[in-house]
Amino acid sequence: MPNLTMDTTELASRLRLGVTRLARRLRREAESGITQSQLSGLATIERRGPMTIGELSGVEQVQPPTMTKIVAALVDAGLVARETDPDDRRMAWLRATTEGVKLLQRSRKRKEAYLAKRMRSLEPRQLAVLQEATEILEQIVEGDR
């Protein structure tokens, strides 16, 4: 039975620590050979469609020179294509290549498989609590948009 008198600050601290540890563990399950910054940039490009380095820098909250290096590594690895804008040759559009999309799919499947394996050992009651907690976390994050 949860402690209903728990201070929200204490709960926030425990939640932050738990989420941070889970995120760290999932990063270890991610595709090897690509940095977390590269993986994040690739995922943003894949999710949001073609975009410029400036737009990607804004979304990822990374300075443009740093993002230029990240994108260069992704292009060199064949995970992102850089295409010159036909109307403005100074501008380039970034898009995930087929290989980049496949890498993201593998990475996501590895992370989800890790979580699913760990969750199989839980009791039905615990799974129900996790389902409710997931909905609450989604609600908290949606409030940021």
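I need the full set of residues from segment 71-112 which are in contact (Cβ under 8 Å) with a residue 12 or more places away in the chain, part of a helix (DSSP H, G or I) and over 18 Å from G49 (Cβ atoms), in order please.
A73, R106, S107, R110, K111
Could you grab me the full set of residues in segment 42-56 that are over 22 Å from K102 (Cα atoms) and buried (at least 16 other Cβ atoms within 10 Å of the Cβ)?
Our first condition is that a residue be over 22 Å from K102 (Cα atoms); within segment 42-56, this holds for 54-55.
Once the filter is applied, which keeps residues that are over 22 Å from K102 (Cα atoms) and buried (at least 16 other Cβ atoms within 10 Å of the Cβ), segment 42-56 yields only E55.
Counting only residues that are crowded, with 16+ Cβ neighbours inside 10 Å and either of a type in the set (K, R) or not in a helix (DSSP H, G or I) (or both), how many does segment 26-41 have?
Looking only at that region, the number is 3.
Every residue in segment 87-145 that is among the hydroxyl-bearing types (S, T, Y) and farther than 29 Å from G41 by Cβ, please.
Our first condition is that a residue be among the hydroxyl-bearing types (S, T, Y); within segment 87-145, this holds for 97-98, 107, 114, 121, 134.
Answer for segment 87-145, where residues must be among the hydroxyl-bearing types (S, T, Y) and farther than 29 Å from G41 by Cβ: just S121.
Looking at V59 and the list (1) surrounded by 14 or more Cβ atoms within 10 Å (Cβ to Cβ); (2) free of Cβ contacts under 8 Å to residues at least 12 places away in the same chain; (3) aliphatic (A, V, I, L, M), which single condition is not satisfied?
(2)
Taking L56 as the residue in question, decide whether it is in a helix (DSSP H, G or I) and under 25 Å from R25 (Cα atoms). I'd like the intermediate steps shown before the answer.
Details: in a helix (DSSP H, G or I): yes; under 25 Å from R25 (Cα atoms): no.
Criteria not met by L56.
I'd like to verify a number: residues in segment 14-37 that are within 15 Å of A77 (Cα to Cα) and among the small types (G, A, S), how many? Lay out the reasoning, then the answer.
Filtering segment 14-37 down to residues within 15 Å of A77 (Cα to Cα) leaves 31-37.
If we keep only those that are among the small types (G, A, S) as well, we get 32-33, 37.
Result for segment 14-37: 3.
Conditions tested, residue by residue: (1) at pLDDT below 95; (2) out of contact with any Pro (no Cβ under 8 Å at 6 or more places or on another chain); (3) more than 20 Å from K109 (Cβ to Cβ).
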residue	(1), (2), (3)
A12	yes, yes, yes
R24	yes, yes, no
S32	yes, yes, no
T44	no, yes, no
S57	no, no, yes
Q63	no, yes, yes
V71	no, yes, yes
D76	no, yes, yes
D85	yes, yes, yes
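The values are calculated or read from the model by the stated rules, or taken from the named source; none is laboratory data. In this text the structure is predicted, and so the values were computed from the model without any measurement. All Cβ positions, glycine included, derive from the backbone under ideal geometry; neighbour counts span all protein chains shown.
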